[in-house]
Every structure is written in structure tokens, then in C-alpha cells.
Amino acid sequence: MSFPKGFFWGGATAANQYEGGYIDGGKGIALNDVVTGGDGLNRIPRKLIIDYNGQEQELEAFSEVPKGAKVKIKEGIYYPSHKATDFYHHWKEDIHLFAEMGFNMFRMSINWTRIFPNGDDETPNMEGLKFYEEIFKECKSLGIEPLVTICHFDLPIKFANEGNGWADRKVVDAYEKYAITVFEYYKDLVTYWLTINEINMNKVFMISGVHDNQSDQQAYEQGIYHTFIGSAKAVIAGHKINPNFKIGLMIAQQGFYPYTCNPEDVMACIDKEREVCWFYGDVQCRGYYPSYKIKELERKGVVLEKLPGDDEILKEGVVDFYSHSYYHSFTAAAVIDGKKVTDGNQMTGLDNPYLKASDWGWTIDPVGLRIQLNKIWDRYQLPIMIVENGLGAKDVLEEDGSIHDDYRINFMRDHIVQMKKAIELDGVDLIAYTPWGCIDLVSAGTGEMEKRYGMIYVDMDNDGNGTLNRYKKDSFYWYKKVAESNGEDLD
Ligand code: BG6
């Protein structure tokens, strides 16, 4: 059993959780810069501070934000993205550690507001462009292929405070201009791109900037539609700028099983997977809205506002490959009442009694990864990248600087075994594995440091205290063997 030659072994990060330097080098403020820290195990949610109707209010970060509210940064409060784990000042050291770990791919994101501080400035911020240029050059010199997410949860705040986020068409124009700018500037340094991270999670205000995003279905659906148009326009422009570019979508692969074999539960499961995942894949891989979504919009009375030529844009702007995160799975039932609910990536779902879970309640389901890979491959026949996977866990830094994270090694090994099976037994065209938070960074869901995914430990606590020194975990040495043996040595 072996992975194909040239398989990409790497790791994944995102600027809003890793980079820090939130106003350095001319950077502007993005939505994630106004989200406070939280504590997942003690159920303290991340918060937003808003001015609304002349009053200051605190809201849970994943709740609705009323139209007209303005989110802001308040003095004296700790905002994790501001320093994050300081890639801004440690990038060279970190990239060398990645090279030592055997990476031939490194997933990172460009911070939109480092290039266009307000999102829609006339000209780009050269300091920001140069910052990433140095990073990409360093990667290339070490044999690491950058995999670059153009937008990972960092919508410029202006679009949320002065408008309605992605529900406004002008955000599409700004995103297209930003994408073209980075495509042109890095056309000889970057080949692999992802347009919008977890585009299926864009319903959350702090990602999409769409106010009243659940109760106002018109704005909510319009916002999603605009992310598709933005992504498709980027694909079209990117292919013109460099025909060798490979541009992919990125979906949070939330796999579901029927809660029971009752046909009603099976149908509920189909509905759920369409709602959460396939709708987003279908549009970006096939180039049009699927029939089940058109029917749903009709039922809801939502009429999407389209510009002439949009249908052609969606068709032409289909992606070159499918990328996704995979952490856990859920179950789906026709009747939800009374059933146990479990936590997960940006959403909750029904629990599965056959699976164990992490300390944060996310189920652990390696076979589910093989199932999802097969479903994606059967549906689209496009190359697939797993661009996030991993176990969020507490680590202990020993006196001698070691970290014994056998739980993380076991988690990754079990998932890699299923990837092998998907390639060897099912013929899935899997081309990359970049586990999440290869170096410790801030959790997106809970805003804490304690939930660590990395194979490199960063000395920092939930309140931002620590030396920021880097330490190699046991998983560092293990993953190095995996990468260097192209997935053969998993011991
Ligand atoms: C995905 C995101 O949602 O999952 C990452 O793309 C995120 O940004 C990751 O960090 C893990 O989630 P969490 O909430 O454990 O950080």
C-alpha cells in the first residue's frame, strides 16, 4: 500500500489564528480581530462587542448580530488574533521547522486586510505584499509548495460595519480585485490556491459579516450566492493570469450518518448532507445551483438578485480540485427531540453512540474520513486535498522541553490508514494531506490556546502570556517519518 509519488505532506494554518501583527505593516482590521477569547471546556463563548442603538452590548460571537450594529475593539480586552502565535515575527524559524518535519506543502492564508487594509482601497499595501513574498520564497527555497487560502475568516470589518457583509454585491468586486492582486503578484511563486475557507460555514456573522444572518433568509442566501460568484470570478481570473494555477474550493466536510435505518432518518441524512456540504460542492464543481436548492429557495420565497452574466460566471468558474477539512461526523434524524447533541466544527449535530469523542466533544471517526472521500470522489471525480484534520487536545510541556502527545499520533495514524485505503482500495484521487494547526495556534471556535492541534508546541496560554518559544512534540518526529517515507512508515 503506498501513496502516489509526489503526494503532498504538509500542515495547515490561517492568518487570523496564527499570524498576529494585527496592525503592523499597515494592516487593517478584519472581523476576526474583534472576536474575544473564550474557553471551550468551561463553556465560556467568544464574544463580540457592538454599538447598537446608541448603546454598547456584548453578544456571543456565533449569534446573530442585528442590522445597524457596529462591532468594535474595546480597550483592556484580550483579542487572541492580535498576537496569535506570532507567525509575523517567527515565520522564518517556523518554515524551517516545517522543512525539517518533511513538509513539501504548507497551507497558509493571506490576510485580506494586510493587502487592502479597508478591503476596497484603491491601491494595495506594498508592505503586506512583500511580507508574503518573502515567506513564499523561503518555502520554495526549502522545497515546500505553498497552498494559499485567499480568504480565511478575515473579511475586512468595513464590510460588516458599513454594510451587510457578503450580502452586498460590492464585496464580490472587492474580493475579485484582491484575488487578482495576489494572483498577479505571486504568479511565479504560488501554484495552489483555495478561494474561500469553509465556504459552507459562511452563514456565521463573524465569517460572512451578514447581519441577522438566520432570520433574514433573503440576505443570508444572497450572501452565500455572492461567495460563489466571488469564488468563480477568482477562478476565472486566476486561470487567465497563470494557466498553470490550480484553484480549489474549501469545504468543512461535515459527514452525517442516518441516526437509525428508519427510511425517514435516511432521508433526513440526505437532506442534511445536501444542506451542509453538497450544495456548496455542487455549485462550485458543477457550475449551477442544484435542483433541491432551487426548490428550497422557492419554498422560502427567496429570489436571488443576479446580474446578467452570472450564470456563465458560475459555469466557467468551476474549481480544479476539491479540498476540505475533516474532524468528526454527526448523525441525522427525522425527529431530533430528546436525542443527544454533540459539539463539532462551527456547528453541533446529533451524537453517534459508536464513536468516542475528544475532550471538546468532537467525535473521533477515522472510517468516516474514508466514507467522505468516497462520497466526494463518486460525486465529482476531481482531485481531493484534505487540508485540515487533527485532534484538538491539551498538551503538557515537560521540564526538559518535550511534549508526549501519543493521543495525537494515534489520531493521525488512524486517519492516514483510512486515506491509504481510500487510495489503494477505492481508487480515490487524493493528492494532499495538510493537518490543521501543524504549529499551535488560536482555536477558531473557542478562541483559546489550550485546545492545541500542533506538532510544534508554542509557549502561550489562553490569556496570551508566554515566551512564544517553539518546542517539538513527539508527533513532530513521528510525522517527519511519515512524510519522508511517503506514508509508508506509520509506526
Ligand atoms: C476549521 C477552520 O473550522 O476548523 C479552522 O478552518 C479551525 O480555522 C479548525 O481552527 C478547528 O476548529 P477549532 O474551533 O478547534 O479551532
- Message: Using DSSP to call loops (not H, G, I, E or B), can you name the trypsin sites (Lys or Arg not before Pro) in the range 432-491 whose Cβ has at most 12 other Cβ atoms within 10 angstrom?
- Response: none
- Within the range 321-364, which residues have the backbone N less than 17 Å from the label spot 7 Å out from residue 396 along Cα→beta-carbon, could you tell me? 359
- Task: Return the Rg/Rh value of the range 22-74, two decimal places, where both radii are evaluated on C-alpha atoms and Rh is the Kirkwood radius.
- Result: 1.02
- Label residue 181 and residue 341 with points 7 Å out from Cα along Cα→Cβ: what is the distance between them in nm? 4.0 nm
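So if a site counts as exposed when it's one of the GluC sites (Glu not before Pro), its DSSP state isn't H, G, I, E or B, and it has at most 15 other Cβ atoms within 10 Å, what's the longest stretch of the chain without one? Display every interim value, and only then the final one.
Details: sites that count: 75, 122, 162, 305, 398, 399, 488.
Segment 163-304 is the longest.
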- Too long at a 26 Å Cα-Cα cut-off: which of 83/240; 70/451; 421/481; 420/480; 72/394; 47/246? 83/240; 70/451; 72/394; 47/246
- Could you tally the net charge around residue 296, taking each other residue with its Cβ under 12 Å from the Cβ of residue 296, Lys/Arg +1 and Asp/Glu -1? +1
- Obtain the nm distance between the two label points defined at residue 56 and residue 404 by a simple spin-label model: each point lies 7 Å from its Cα along the Cα-to-C-beta direction. 4.7 nm
- Message: Only sites in a loop by DSSP and with at most 16 other Cβ atoms within 10 Å count here; which trypsin sites (Lys or Arg not before Pro) in the range 1-100 make the cut?
- Response: 5, 43, 67, 74
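Give me the number: length gained by fully extending residue 379 to residue 486, i.e. 0.36 nm times residue separation minus the C-alpha to C-alpha distance, one decimal in nm.
Working: separation 107, 0.36 × 107 = 38.52 nm, distance 2.72 nm.
Extra length available between residue 379 and residue 486 comes to 35.8 nm.
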- Message: Apply the a/c threshold of 1.5 to the C-alpha gyration tensor of the range 318-443 and tell me whether it is rounded, prolate or oblate.
- Response: oblate
- Query: Hey, what's the range 1-154 come to in accessible area per residue, 1.4 Å probe, Å²?
  - Reply: 38 Å²
- Message: Let's test the formula: R0 of 25 Å, r as the Cβ-Cβ distance of residue 72 and residue 130. What FRET efficiency results, to the nearest 0.05?
- Response: 0.25
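I want to verify the translational diffusion coefficient of the chain in µm²/s; compute it with Stokes-Einstein, Rh as the Kirkwood radius over Cα pairs, at 10 °C and 1.306 mPa s.
Numbers: Rh = 22.6 Å.
The diffusion coefficient I find is 70 µm²/s.
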- Given a Förster distance of 41 angstrom, what is the FRET efficiency for residue 63 paired with residue 96, based on the Cβ-Cβ distance and rounded to 0.05? 0.50
- Task: With label points built 7 Å along Cα→Cβ from the Cα atoms of residue 5 and residue 137, find their separation and express it in nm.
- Result: 3.2 nm
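More than 15 angstrom separation, counting every C-alpha pair in the range 357-396; what % is that?
Details: 416 of 780 pairs.
Tail fraction, whole percent: 53.
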- Note on the structure: Straight-line reach check, residue 74, cutoff 13 Å on alpha carbons, 8 or more apart in-chain or any other chain, hits among aspartates and glutamates -> 33, 51, 56, 58
- Task: Counting helices only, and only those DSSP H runs with n ≥ 4, report the 222 nm mean residue ellipticity of the chain as the sum of -39,500 (n - 2.57) divided by its residues, in deg cm²/dmol to the nearest 500.
- Result: -10500 deg cm²/dmol
- Query: Could you give P(r) for the range 401-491, binned at 5 Å from zero, as whole percent values over all Cα-Cα pairs?
  - Reply: 3, 13, 21, 21, 17, 12, 8, 4, 1, 0
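With every protein chain left in place, what is the accessible area per residue of the range 362-491 in square angstrom, probe 1.4 Å? Spell out each step's value before the answer.
On the way: 4540 Å² over 130 residues.
Result: 35 Å² per residue.
Once the convex hull of the alpha carbons of the range 114-271 is built, what does its volume come to per residue, in cubic angstrom? Don't skip to the answer; put the middle values down first.
Values: hull volume 21.8 nm³, N = 158.
It comes to 138 Å³ per residue, whole-number rounded.
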- Message: What are the membrane-span-like helices in the chain by this rule: whole DSSP H runs, Cα extent along the axis at least 18 Å, mean Kyte-Doolittle hydropathy at least -0.5?
- Response: 169-185, 217-241, 366-380
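The values are calculated or read from the model by the stated rules, or taken from the named source; none is laboratory data. In this text, all values refer to a predicted model and were calculated from it rather than measured experimentally. Positions of Cβ are generated from backbone atoms using ideal geometry, with glycine treated the same way; all protein chains shown enter the neighbour counts. Protein only, heavy atoms only, side chains kept; ligands, DNA and RNA dropped before computing areas. Shrake-Rupley method; radii C 1.70, N 1.55, O 1.52, S 1.80 Å.
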